[in-house]
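Worksheet: one structure, shown below.
The values are calculated or read from the model by the stated rules, or taken from the named source; none is laboratory data. A quick note: this is a predicted structure, and the numbers were derived from the prediction, not measured. Counting neighbours? That spans all protein chains shown, and the Cβs are built from the backbone with ideal geometry, glycine included. Ligands, DNA and RNA are stripped out before the accessible areas are found, and what is left, the full protein with its side chains, is counted by its heavy atoms. Shrake-Rupley method; radii C 1.70, N 1.55, O 1.52, S 1.80 Å.
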Amino acid sequence: MEKYDNIDELTGLYNLNGILSHLQGHETRAAEGSIVIIYLNVMNFKSFNQRYGFVGGNEFLRGLAGEIKGLFPEELIARTAGDQFIILANSLDEKEITDRLTMLSEASARHDKGLRLHIKAGIYQQTGDETDPVIMVDRAKIACDDIIRVYDKSINFYDEALSKKNELRQYVIDNFESAFKNRYFKVYYQKEVRALTGKVCGYEALARWQDPVIGIISPLVFIEVLEDVHLIHKLDLCIIDMVCKDLRDDINSGYAVEPVSVNLSQLDFELCDIMAEIDKCRDRYDIPVELLHIEVTESALTTGADFLDQQIKKFRQAGYEIWMDDFGSGYSSLNNLKTFDIDVLKIDMDFLRTFDTNKKTPVILAMIVNMAKELGIHTLAEGVETKEQYEFLRRIGCEKLQGYLFGKPTPVDDFNRAVDCSFDVCEDFSLASYYDRIGEVNFLGNTPLRDKSFEIFNNLPLAIIELQDDIAQCIYANRAYLDYLSSLGFASLSEANSIYGTTNHPDIVEFTACLKRAQVSPDHRAYADIVTNGNTVNHKIRFLFDSGNRQAFAVVSRNTSIHEESDTAESLRVAMAHVFNQYFRVDFFDEDGTVDNIFLNADQKSVSDYTRDAKEAVRLYSEMYIYPEDKERFKKFYDITTVRDRIENTKSAYVVDYYRSATPGDNGRMQMYMILPFYYNGKWKFISLCRYADEIRDDDLK
Ligand code: C2E
Ligand code: CA
Ligand code: CA
């Protein structure tokens, strides 16, 4: 019955004409329930066509048409354009529609050759009074278009909110030209804050349309429209021009000047020579390149990678910082970090929205910061709204923060320069690169003090050891563990395995016993210091799993005999002993009036055995060991309470004097006594050093 021009040749379904004439029929036909229109759009079909040619593309469309027919057997179906379909149904409820569309998306995978072509669906349910079928189809399409950029949504019902949004969108389409003409576009600035200092270290410029009729229109509405009509670069350059003008005012004001990051759309790069245009803006107001950062969204980066990569390189060579916006949202890819050289990652605010409710979120955030730092990229977290989020981000080393906690986007007229741009509130821009360098330290890494080396391995000596019928074999060893083995004298892992696997070596017997202890211990852990080949080795063991006669363990082993820190400590101890050995005694006075003997190499008593009271100890000592004529002078010299005053007068770091010895056999031999004060843990302490004057070489005291 159908006329030939109502049928789509490729699929045998109706075409647009066909479905519209049916809709008109419905309207006159009586109430069979309300009409539902489902509008389907295949995403990425173009790239499928490019890859498999038109023949392959047509095959997919025919296949998909078959699946739709199978799932909607009672309904009227049309293909209205290349990859768009319309289903006309009667009285299907939302659940039924959703179920069938979910099945359709699975069925379509049978035809897409693994390319995963997503199908987006917009649904319009008739509410009663519509008469124009074109409007009904249009609304289904509007619902579908609304989610094209929303990566995790594939089904969308037309509702009141969407209707409002669509009206606004239409208003924007009808009025953007006059908005440009009448300068309705304004810049709002949102603070960016340095996590370490809490000071403002920059602003992001965000566009607003201040409409005399509607009020403020969000960029979320008009950016998309301006992109559709290819005028987005006009807006972005208009914003950048205003930013440069404001920056010039700031510079002239003498208050703090902070860099501003501006948003570019992917299309800007295609619609004009965007860098040349931005340079012109800067030139107009004489703004240094360091004060303007370029934000590019991550989704922009994924398409046309080569071209964009060139553009980004050009910007960076000219001295601009490139910031990757919305990192981790949508179809994001870690690959972007490899492809593009960027300066700052802006971590999408979606992460922080689930900070309190999802315990995985903090881990993911920490890992992003960790990864960025290992790659030498700075980080900024967007959407910070609570103190807890601030504290956490600061702790993991995220460098910059932005969000309502610090301030909403604000027009420039609402800023009070004397307060908002004072150096109490704002960072001195000359310190920015200093703080950026601090920000490069990875607090989360295991080698935070090392230079960036793209070293990805843990520096703890880690091995996986398997026990099979009580024979231990190492089945994994990281590089640090191989170093550890070599410190024990093993040339390789296989050498260690063969010695330990075949002999009843006493070291391995003890080690195996320790593994078994870990297996049976309630927390599956065990620790042991085992002397191996003359070295003390500290093992930390965790039992992992067992299966039959096998048990697996993770082991961290450290040869503490060669460990660098203990080496240094030991050297220091030996060196101190030698230094002390230059004196026959060393005592330690405290400002609270006590004394301890810490080194004694003479035929004397320590005295502090009898009393720890400094005054009494000095008296006793002088009685026993100081020549009678020198005693009074000696006691005065050892009045610790006056030492610092006396030093004040000499301008040297210590006081020194000479007294004759009354120690039997010394025959009045001359001795040098020296008191050296130092400040420690909030208190003054004094080292007293004694030696024979005839053992001092002249240059010792210089
Ligand atoms: P965006 O670049 O990711 O900007 C951040 C958006 O998050 C801003 O919305 C900002 O007001 C909002 N925001 C900031 N802190 C918080 C917070 O703590 N909580 C919450 N819930 N939101 C916060 P806005 O100004 O509506 O801008 C929306 C998007 O429009 C921007 O996202 C950007 O992609 C785009 N855009 C804005 N201005 C321009 C422009 O001049 N040119 C271009 N091409 N795009 C722009
Ligand atoms: Ca941005
Ligand atoms: Ca963003």
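Cross-link partners among aspartates and glutamates for Lys280, C-alpha distance below 17 Å, same-chain residues fewer than 8 apart left out?
Counting by Cα, and skipping residues close in sequence, Lys280 has these aspartates and glutamates nearby: Asp236, Asp241, Asp246, Asp268, Glu290.
Could you tell me which residue out of Val137, Phe545, Val55 lies farthest along the dipole of the chain toward its positive end? Charges go on the beta carbon: Lys and Arg +1, Asp and Glu -1, centred on the Cα centre.
Working it through, the farthest residue towards the positive pole turns out to be Phe545.
Can you give me the long-range amide H partners of Trp684? Hydrogens built in the peptide plane at 1.01 Å from N, cutoff under 5 Å, separation of 5 or more residues or another chain.
Here Glu591 satisfy the definition.
Among the trypsin sites (Lys or Arg not before Pro) within the range 309-350, which fall in a DSSP loop and have no more than 15 other Cβ atoms within 10 Å of their own Cβ?
Numbers: sites: Lys313, Lys314, Arg316, Lys338, Lys346; in loops: none.
When the trypsin sites (Lys or Arg not before Pro) of the range 309-350 are filtered for loop state and at most 15 Cβ neighbours within 10 Å, nothing remains.
On average, how much accessible surface per residue is there in the range 569-701, in Å², for a 1.4 Å probe, leaving out ligands, DNA and RNA?
On the way: 7960 Å² over 133 residues.
So the range 569-701 comes to 60 Å² accessible per residue, rounded to a whole number.
In 5 Å bins starting at zero, report the fraction of Cα pairs in the range 462-559 per bin as a rounded %.
3, 14, 25, 30, 20, 7, 2, 0
Starting from the Kirkwood radius over alpha-carbon pairs of the range 183-439, derive D by Stokes-Einstein at 20 °C in a medium of 1.002 mPa s and give it in µm² s⁻¹. Kindly include the intermediate steps, with their values, before the conclusion.
Details: Rh = 18.8 Å.
Estimated diffusion coefficient is 114 µm²/s.
Go from 0 up to the bin containing the longest alpha carbon distance in the range 243-372, width 5 Å each, and give me the % of pairs per bin.
Bins of 5 Å from zero give 2, 10, 18, 20, 16, 13, 10, 7, 3, 1 percent of pairs.
Using modelled backbone amide H atoms (1.01 Å from N, in-plane), which distant-in-sequence or interchain residues come within less than 5 Å of Thr80's amide H?
When sequence neighbours closer than 5 places are left aside, the close amide H contacts are Phe85, Ile86.
Got a number for carbon plus sulfur as a percent of the chain's accessible area, 1.4 Å probe? Can you show the working numbers first?
Details: 19260 of 37150 Å².
So the carbon and sulfur contribution to the accessible surface is 52 percent.
Mind checking the dipole of the range 437-583: about its Cα centre, +1 per Lys or Arg Cβ, -1 per Asp or Glu Cβ, Debye to the nearest 20?
Numbers: 12 positive and 17 negative charges, 68 e Å.
Roughly 320 debye for the range 437-583.
Nearest 5 is fine: what % of DSSP beta bridges in the range 2-158 come out antiparallel, could you say? If you can, show how the numbers build up before the last one.
Details: 20 of 24 bridges.
Around 85 percent antiparallel, to the nearest 5.
How large is the Kirkwood hydrodynamic radius of the chain, counting all unique pairs of alpha carbons, in Å? Intermediate values should be presented prior to the final figure.
Numbers: mean 1/r = 0.0296 Å⁻¹.
Computed over Cα pairs of the chain, the Kirkwood hydrodynamic radius comes out at 33.8 Å.
Roughly how tilted is helix 614-625, in degrees to the nearest 10 and between 0 and 90, from the longest Cα axis of the chain?
40
Taking 8 Å as the Cα distance limit and 6 or more residues as the minimum spacing, I'd like the relative contact order of the range 172-302 as a percentage.
On the way: 165 pairs, mean separation 29.7, N = 131.
Relative contact order comes out at 23 percent.
Could you list, in their original order, any pairs among Lys46/Lys313; Lys636/Lys685; Lys69/Lys120 whose Cα atoms are separated by more than 21 Å? Write down the numbers at each step before the final one.
Details: Lys46/Lys313 29 Å; Lys636/Lys685 18 Å; Lys69/Lys120 17 Å.
Distance filter (> 21 Å) returns Lys46/Lys313.
Test of understanding: express the Cα radius of gyration of the range 400-483 as a ratio to 2.2 N^0.38 Å, with N the residue count. Working shown, then result.
Working: Rg = 24.7 Å, N = 84, 2.2 N^0.38 = 11.8 Å.
My calculation over the Cα atoms of the range 400-483 gives 2.09.
Could you go through the range 521-526 in sequence order and give the Karplus-derived ³J(HN,Hα) for each residue, using 6.51 cos²θ - 1.76 cosθ + 1.60 with θ = phi - 60°, rounded to whole Hz, and x for Gly and Pro?
6, x, 9, 6, 10, 8
Residue by residue through the range 408-413, which ³J(HN,Hα) values in whole Hz follow from phi under the Karplus form 6.51 cos²θ - 1.76 cosθ + 1.60 (θ = phi - 60°), with glycine and proline marked x?
7, x, 9, x, 4, 5
Using only Cα atoms, figure out Rg for the range 612-702 and give it as a multiple of 2.2 N^0.38 Å. Could you put the intermediate results ahead of the total?
Details: Rg = 13.8 Å, N = 91, 2.2 N^0.38 = 12.2 Å.
Ratio of Rg to 2.2 N^0.38 Å for the range 612-702: 1.13.
Working from the alpha-carbon coordinates of the range 508-638, get Rg over Rh, Rh being the Kirkwood radius. Each step should come with its number before you reach the end.
On the way: Rg = 26.6 Å, Rh = 19.7 Å.
Rg/Rh: 1.35.
Tell me the accessible surface of Asp414 in square angstrom (1.4 angstrom probe, heavy atoms of protein chains only), to the nearest ten.
Asp414 exposes around 100 Å² with every protein chain in place.
Could you order Thr127, Thr354, Thr379 by accessible surface area, starting with the largest, using a probe radius of 1.4 Å? Can you show the working numbers first?
Numbers: Thr127 115, Thr354 55, Thr379 0 Å².
From most exposed to least exposed: Thr127, Thr354, Thr379.
Sort Arg585, Arg183 from largest to smallest accessible area, using a 1.4 Å probe on the heavy atoms of the protein chains. Spell out each step's value before the answer.
On the way: Arg585 10, Arg183 185 Å².
From most exposed to least exposed: Arg183, Arg585.
What angle, in degrees between 0 and 90 and rounded to the nearest 10, separates the Cα long axis of helix 506-520 from the longest principal axis of the Cα atoms of the chain?
50
From the residues Ile675, Thr663, Tyr610, which one has its Cα farthest along the dipole of the range 609-687 in the positive direction, the dipole being from +1 and -1 charges on Cβ of Lys/Arg and Asp/Glu about the Cα centre?
Ile675
Of all DSSP beta bridges in the chain, what percent run antiparallel (nearest 5)?
Working: 96 of 122 bridges.
Of all bridge pairs located within the chain, approximately 80 percent are antiparallel.
Share of antiparallel DSSP beta bridges in the range 183-439, in percent to the nearest 5?
Working: 16 of 38 bridges.
The answer is about 40 percent antiparallel.
Report, in cubic angstrom per residue, the convex hull volume of the C-alpha atoms of the range 2-158.
105
Test of the criteria: in the range 444-480, which chymotrypsin sites (Phe, Trp or Tyr not before Pro) are in a DSSP loop and have at most 12 other Cβ atoms within 10 angstrom of their Cβ? Walk me through the numbers before you get to the answer.
Values: sites: Phe454, Phe457, Tyr476; in loops: Phe454, Phe457.
Counting only loop positions with at most 12 other Cβ atoms within 10 Å, the chymotrypsin sites (Phe, Trp or Tyr not before Pro) in the range 444-480 are Phe454, Phe457.
Could you work out how far helix 493-502 tilts from the main Cα principal axis of the chain, as a 0 to 90 degree angle to the nearest 10?
70
About its Cα centre, what dipole magnitude does the chain give when the only charges are +1 on Lys and Arg Cβ and -1 on Asp and Glu Cβ, stated in debye to the nearest 20? Don't skip to the answer; put the middle values down first.
On the way: 79 positive and 114 negative charges, 300 e Å.
Dipole of the chain, to the nearest 20 debye: 1440 debye.
In the chain, with Lys and Arg counted as +1 and Asp and Glu as -1 at Cβ, which of these residues, Phe584, Gly319, Ala372, has the Cα nearest the positive end of the dipole, that is, farthest along it?
Looking along the dipole axis, the top candidate is Phe584.
So, taking all protein chains as they sit and a 1.4 Å probe, how much accessible area belongs to Lys605, in Å² rounded to tens?
100
Rank these residues by their accessible area, most exposed first, probe 1.4 Å: Arg394, Arg450. Intermediate results must be reported in sequence, preceding the final value.
Values: Arg394 90, Arg450 115 Å².
Per-residue accessible area, sorted high to low, gives Arg450, Arg394.
Let me have the 222 nm mean residue ellipticity of the chain computed from DSSP H runs of 4+ only, each contributing -39500 (n - 2.57), with the sum over all residues rounded to the nearest 500.
Numbers: 24 runs with 282 residues, N = 702.
After summing the helix terms and dividing by residue count, I get -12500 deg cm²/dmol.
Per-residue accessible area for His293 at 1.4 Å probe radius, Å² rounded to 10?
Rounded to the nearest 10, that gives 10 Å².
Only Lys, Arg, Asp and Glu count, each charged at its Cβ (+1, +1, -1, -1), so figure out the dipole size of the range 146-198 about its Cα centre, rounded to 20 debye.
Numbers: 10 positive and 8 negative charges, 79 e Å.
Magnitude of the dipole: close to 380 debye.
Explain nothing, just the number: relative contact order of the chain, from Cα pairs under 8 Å at least 6 residues apart, as a whole percent.
Numbers: 1089 pairs, mean separation 45.9, N = 702.
So the answer I get is 7 percent.
Rounded to whole Å and ordered largest first, report the semi-axes of the equivalent ellipsoid of the range 335-421 derived from its Cα gyration tensor (root of 5λ).
On the way: eigenvalues 128, 64, 25 Å².
Ellipsoid semi-axes (Å, largest first): 25, 18, 11.
Return the sequence-ordered ³J(HN,Hα) values of the range 66-75 in whole Hz as given by the Karplus equation 6.51 cos²θ - 1.76 cosθ + 1.60 applied to θ = phi - 60°, using x for Gly and Pro.
Each residue of the range 66-75 in turn: x, 5, 4, 4, x, 8, 10, x, 8, 9 Hz.
Relative contact order for the range 183-439: what percent, with Cα pairs under 8 Å and sequence separation of 6 or more?
Numbers: 406 pairs, mean separation 59.2, N = 257.
Once normalised by length, the contact order is 23 percent.
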